[in-house]
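What follows is a set of notes on a single structure, which appears directly below.
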Amino acid sequence: MTYINTQINRVITIKQGVLYISLLTLCIVGCFYTLYDEVGMLNRVYEGAVLLKVRIVVIPLVLMMPALGVLIWGITCQILPNFTVHSTKRGVFFIILSFPIFVISLLIYNWQIMSWLDEQGYSECSFYSGASLGAAKIMVNNPYLCIEEGYQVRIALLDWFEEQYLQGITPTIDMVTTKQEQLLLAYNERFDLL
Amino acid sequence: MSTYANSTTSQKKRQLQIQSVLKNNQHTFVQMNSNEFMGFMFNVQKLNGKSQTETIEWVDTILIRKQIISKEWEQYKSAVKTGSSLIPLGKDMVLLGTVALEMKRGGNTFSKYQIKMYNGKPNVIFKGYAGLRTQLKGTKYLTSNPKVVSFGIGKLGVANTIKGGFIMTVIISASFHSFEQLLNDKATWHDFVGGVSVDIGIAAVASGIAWGAVATYVGGAAAMVAVGPILAVVIVGTVLTVLTSVLMDSDALAKRISDGLREVEQGIKEKLLKIKYETKRIERSYDADPVGFMYRLFGIPYFGKRF
């Protein structure tokens, strides 16, 4: 196969290139920050945390970061410019290859992590999770902690769970029920729903 | 000891052994129908100090956990969510398949195209046998040609593909939140608007970055594999959408918006109530003293009957 090794004229401005490089770099940094957060959350299983916020997509997403790196490299070459069709083709091929790996790893990881959490006694609580596409999966180690009426005050309740964890307190069912009732009462009073 | 005495003793021993084995392996089998079993289970829980409501909750939890009964929507919500986010990807893959098929007809699935300037306007030149293709029958098209754009070729094509994916995401998000509102008693229209707004925001941010990055990366290439730009858009767009949704605490943001809407609604209600009260008061004032009312309305001093 012969490649057209053509030198290409720069078609983007330096400002434009720098902007996209910065945005993509931010995405990569954000991804690794979220990964650190996610690993910390999963480690809580060994501490017997009562509630976990799991984002199953984070760890497989790391596999796609080299693809974004290739994109950054490609844009840098556009700015310089020392860009060839051959290198573009190789870059695109790399991005294409990393995607099936990401999808397969996502499926396997999802299956593995959910089975592991199930073995550890955790079950999903859909009442504490909203319908937004990026909402995290909420796992509880006692089904009684998952209260249907908690849906309306879920964010405040999840914050309270986090506070309890940071203070080293293990919330009991009574504590959670009481807190949920308090929050719901305050919520109903705030919006005049009583 | 005589032989008779020996055999009697051993016989007795054997009988005792048999009795002991039977005693140790005694089981009581109770045959119950389903109603009797439920009654028995409730009684056992009652003896353990649980109230009837607690026992019902306990049974429900076990049945849900064992997936014997389920709140289907709640059970499948996250799976539907993940699946539906892949629909725009599927749409782009179909488009990609069409381009690949078209290029295959022209001789090579990975045929290249070149972008050249003629009369100051950028043109796409396709390699391969143009006559064998069914859609892109020409060898040269303007980059703004609707056919070229619809195939996701060139910078405009990339933008078109991204736009299509964004619109599809909005439709899916709206449908998903509609289901949530219909099937979850606790969800209201505020949650619908809040959730859809966040999803649209995420899709817009991700699409914007993907469009810019991919267009600068592949759109400027003078010669490129035709299916390449679409694949790059599909993959980068999907990854950025997923990444943005993970980076932002979308649920908390959606809840904040929905609570804000509730506050606005409450404020409007209170104001409407105030207006209603004021209208009633004016009506009463007019009924009691129409002349005095007109005087007060126009700020004319009046010394008659006051309301």
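The set of residues in region B:247-302 being buried (at least 17 other Cβ atoms within 10 Å of the Cβ) and of a type in the set (Val, Ile, Thr) consists of B:Ile257 alone. Under the condition of being assigned to a helix (DSSP H, G or I) and either at pLDDT below 80 or closer than 13 Å to B:Gly260 by Cα (or both), the residues counted in region B:177-191 number 8.
Here the condition is being among the small types (Gly, Ala, Ser) and modelled with pLDDT under 80; of B:Ala252, B:Ala288, B:Ala232, it holds for B:Ala232 alone. Taken across region A:98-113, residues that are at pLDDT below 85 and not polar (S, T, N, Q) do not occur at all. Here B:Ile18 meets the list (1) exposed (fewer than 10 other Cβ atoms within 10 Å of the Cβ); (2) at pLDDT 80 or above almost entirely, failing just condition (1).
When A:Cys125 is tested against (1) at pLDDT 85 or above; (2) more than 30 Å from B:Ile257 (Cα to Cα); (3) not hydroxyl-bearing (Ser, Thr, Tyr), exactly one condition is not met: (2).
Please find, within region A:124-151, the residue that is nearest to the other protein chains (Cβ to nearest Cβ) out of those that are part of a strand (DSSP E or B) and aliphatic (A, V, I, L, M). This residue is A:Ile138.
Matching residues to (1) more than 30 Å from A:Gly91 (Cα to Cα); (2) buried (at least 24 other Cβ atoms within 10 Å of the Cβ); (3) of a type in the set (A, V, I, L, M, F, W, C):
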position: B:Gln181; (1), (2), (3): yes, no, no
position: B:Ala187; (1), (2), (3): yes, no, yes
position: B:Asp191; (1), (2), (3): yes, yes, no
position: B:Val198; (1), (2), (3): yes, yes, yes
position: B:Ala203; (1), (2), (3): no, yes, yes
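Contact annotation: residue pairs with Cβ atoms under 7 Å, 6 or more positions apart or on different chains, pairing a residue in region A:162-189 that is over 17 Å from A:Met139 (Cβ atoms) and not assigned by TED's automatic domain parsing to the domain that holds A:Met41 with a partner that is outside any helix (DSSP H, G or I) and of a type outside the set (Ser, Thr, Tyr), are A:Thr177/A:Ile147; A:Gln180/A:Ile147; A:Asn188/A:Leu194. Answer yes or no as to whether A:Phe93 is within 9 Å of chain B (Cβ to nearest Cβ), surrounded by fewer than 17 Cβ atoms within 10 Å (Cβ to Cβ) and out of contact with any Pro (no Cβ under 8 Å at 6 or more places or on another chain). In short, yes. For region A:31-59, the set of residues classified as in a helix (DSSP H, G or I) and under 15 Å from B:Leu240 (Cβ atoms) consists of A:Cys31, A:Thr34, A:Val58, listed by residue number. Here A:Asn82 clears all of (1) assigned to a loop (DSSP other than H, G, I, E, B); (2) crowded, with 22+ Cβ neighbours inside 10 Å; (3) more than 7 Å from chain B (Cβ to nearest Cβ) except the condition numbered (2). Of everything in region B:237-294 that is of a type in the set (S, T, N, Q) and more than 30 Å from A:Thr25 (Cβ to Cβ), the residue that is nearest to the chain's Cα centre (by Cα) is B:Ser258.
Residue selection: B:Val264 satisfies the criterion of being over 18 Å from A:Val103 (Cβ atoms) and either of a type in the set (Asp, Glu) or modelled with pLDDT of 80 or more (or both).
The values are calculated or read from the model by the stated rules, or taken from the named source; none is laboratory data. Fair warning: this is a prediction, and the values are worked out from it, not measured in the lab. As a convention, Cβ positions derive from the backbone with ideal geometry for all residues, glycine included, and neighbour counts pool all protein chains shown.
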